[in-house]
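Shown next, in C-alpha cells, is the structure this report addresses.
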Amino acid sequence: MKALKCRECGKEFLPTKIYACEHCFAPLEVIYDMDSIRLYRGFFKNRPRTLWRYHELLPIKDKTKIVDLGAGYTPLHNCDRLARKLGIRKLYIKDDTINPTNSFKDRPATVAVSKALEFGFKNIGCVSTGNLAAATAAHAAKAGMPCYVFIPFDIEMNKVLQAAIYGAKIIAVKGTYDEANRLAAEAIDEYGLAIVNVNIRPYYVEGSKTLIFEICEQLGWRAPDNIIVPMGSGALLCSIWRGLKQFMEIGLINGLETRIIGAQPEGCSPIVKAFKSNLNDIFPIEKPRTIAKSLAIGDPGDGIYALKIIRESNGVAESASDEEILEGIKLLAENEGIFTEPAGGVTMAVLKKLIESGEISRDEEVVCCITGSGFKSSETILEAIPKPIEINPLLKELKNLFEVNDHE
Ligand SMILES: [Zn+2]
C-alpha cells in the first residue's frame, strides 16, 4: 500500500486514519505500488483458501493483525440447468452465501476490522442494512473488540439476531439507512469509534474486490464476458471494476472486455433511473420500498461512480419488482439448489429480463453475484412458498401426490 488518493481531485495522502479528502471532502481510495508487486498465477496454488490469498492487494501492513474467519474463496457454480432453462450459453453463480456469516460483507469486514486493530482503535462498529451488522459483529468478536451496530429499525429480525448473538450492541435508529448513517458519522469523533464503512471506508471497500479476483482465478485466469451485480450504495460494483483493473495491471488476466451490469429493486432504484434517463446525476429516493432490504439505500454513496463504470464497460442497469424478486429467488433455488436473499433475487430477475429483451444475447456467458443467504430474510420469503401438504398417516392419502411416469 502506497497512499490514499482522492477520487475527485487526485490529491494523495499518507495512508492514515483519514477517510475524506482534506481539500474537496470526496472519498479516498487505496493506491498500491503496483510496480513492486510481483504476482504470478503459479503463486496461488498453495495459498490459503480465503480472500487473504490476495494479501499483496489488500491494505494491511501488519499480518499479525489479520482477523480471519475464513471469508472468501467461495464457489463459482457452473449452472447448466438454469442456463438451458433461460436460454443462454453459459451461466455461473458466484455463491457468497458460503461465507462465515453467510454474506459477501464478510469480505470488507475482515479487512476493516483488521485495519481498525492495526490502527489501535478500541471500539468498532458499522452502519448496516443487516448483512454488514453480522459480518462486523462476528469479526469484532474474533478480535475481542466491543462492537456497536447502527441499523434502521425495520430490518429483518434474523439479521438483528445474527449480529446480536456475536455480542454486538444493536442500536436501532428510528429512521432510514441514510439517517442511521448520518448519526453514526457524528458519533465517530465524539466516542472514538471505528465505523468500518464510514471512517475505515477506504480500507473496508478493498475487501469486496476479492470477489472478482476469485471469479477470474476460478474461470482459469480470465475476466467474465458479463457480470450482474446487485447495487445498494453501488460500492460492490465499483470494487469489482477496480479489482478487474488491478488484475489487468499486474498481468494476472490478459484482456478486459467485461460488461458490468447493475441490478436494483424497483422500489429503490435511483442508479437504474439515472442510467435509463441518460443522466449523470443521481436523484436520491427518500423512502425506499422494497423487500430487498439490503439494497434499500436511497442515497447511494457510490452511485455516480457505479453509473460511470456501467457506461464505460458498455454495460446496462435494470430493476426488478418485489414479485419478480421472489420469482428470481425461487428460480435459483429450484434449479440450482442455492437459496439467496432478496438481493440475489434481484440479480436473477434482472438476468431473466435482459435475456428476454435481447440485451444479453443467447450465445453469451454471464456471472451472477449472489451476495447473501435467504435464511436471513426468511420472514419475507415465507410468503412466497406453498404451504406444507397435511395428511393423515395413511398410504392411500399419498395417492395423486407423486409425479408418476406412465411409460415405466
Ligand atoms: Zn479531493
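Scanning region 1-26 for residues that are of a type in the set (Lys, Arg) and closer than 18 Å to Leu57 by Cα, we see that the one that is most open to solvent (accessible area, probe 1.4 Å) is Lys2.
In a residue-by-residue description of region 249-256, the property of being in a helix (DSSP H, G or I) and not acidic (Asp, Glu) applies to at least one position.
Scanning region 69-80 turns up no residue that is without any contact (Cβ under 8 Å) to a residue 12 or more places away in the chain and within 16 Å of the ligand (Cβ to nearest atom). Within region 175-197, if we keep just the residues that are at pLDDT below 95 and assigned to a loop (DSSP other than H, G, I, E, B), the residue that is farthest from the chain's Cα centre (by Cα) turns out to be Gly192. Scanning region 363-386 for residues that are in contact (Cβ under 8 Å) with a residue 60 or more places away in the chain and assigned to a loop (DSSP other than H, G, I, E, B) yields Asp363, Glu364, Thr371.
A count restricted to region 340-361 and to residues that are surrounded by fewer than 24 Cβ atoms within 10 Å (Cβ to Cβ) and either of a type outside the set (Asp, Glu) or over 18 Å from Ser321 (Cα atoms) (or both) stands at 8. When Ile329, Ile389, Ile360, Ile355 are checked against the criterion of being modelled with pLDDT of 95 or more, β-branched (Val, Ile, Thr) and part of a loop (DSSP other than H, G, I, E, B), Ile360 stands alone in meeting it. Ser361 falls short of the stated requirement of being hydroxyl-bearing (Ser, Thr, Tyr) and under 17 Å from the mean Cα position of the chain (by Cα). Taken over region 199-221, the criterion of being outside any helix (DSSP H, G or I), under 16 Å from the mean Cα position of the chain (by Cα) and small (Gly, Ala, Ser) is satisfied by Ser208 alone. Within region 1-52, being within 16 Å of the ligand (Cβ to nearest atom), charged (D, E, K, R) and either within 26 Å of the chain's Cα centre (by Cα) or not in a loop (DSSP other than H, G, I, E, B) (or both) holds for Lys5, Arg7, Glu8, Glu12, Glu29. Residues that are under 27 Å from Ile66 (Cβ atoms) and modelled with pLDDT under 95 occur in region 146-156; there is at least one. Within the set of pairs 6+ apart or on separate chains, which have a first residue in region 1-28 that is aliphatic (A, V, I, L, M), a second that is within 6 Å of the ligand (Cβ to nearest atom) and open to solvent by less than 40 Å² (accessible area, probe 1.4 Å), and C-beta atoms under 8 Å apart? Final answer for the pair search is Ala20/Ala26; Ala26/Cys6; Leu28/Cys6; Leu28/Cys21.
So, Leu279, is that one under 29 Å from Leu51 (Cα atoms) and not small (Gly, Ala, Ser) or not? The answer is no for Leu279.
Being within 18 Å of the chain's Cα centre (by Cα), more than 28 Å from Gly120 (Cβ to Cβ) and open to solvent by less than 60 Å² (accessible area, probe 1.4 Å) is the requirement here; does Ile155 meet it? So that I can check it myself, show each step before the final result.
Working: within 18 Å of the chain's Cα centre (by Cα): yes; more than 28 Å from Gly120 (Cβ to Cβ): yes; open to solvent by less than 60 Å² (accessible area, probe 1.4 Å): yes.
Answer is yes for this residue.
The set of residues in region 362-408 being exposed (fewer than 12 other Cβ atoms within 10 Å of the Cβ) and within 30 Å of Glu214 (Cβ to Cβ) consists of Arg362, Asp363.
The values are calculated or read from the model by the stated rules, or taken from the named source; none is laboratory data. This structure is a prediction, so every number in the text was calculated from the model and none was measured. Neighbour counts run over all protein chains shown; Cβ positions are idealised from the backbone, glycine included. To get the accessible areas, we keep the full protein, side chains included, count just its heavy atoms, and leave off ligands, DNA and RNA. Shrake-Rupley method; radii C 1.70, N 1.55, O 1.52, S 1.80 Å.
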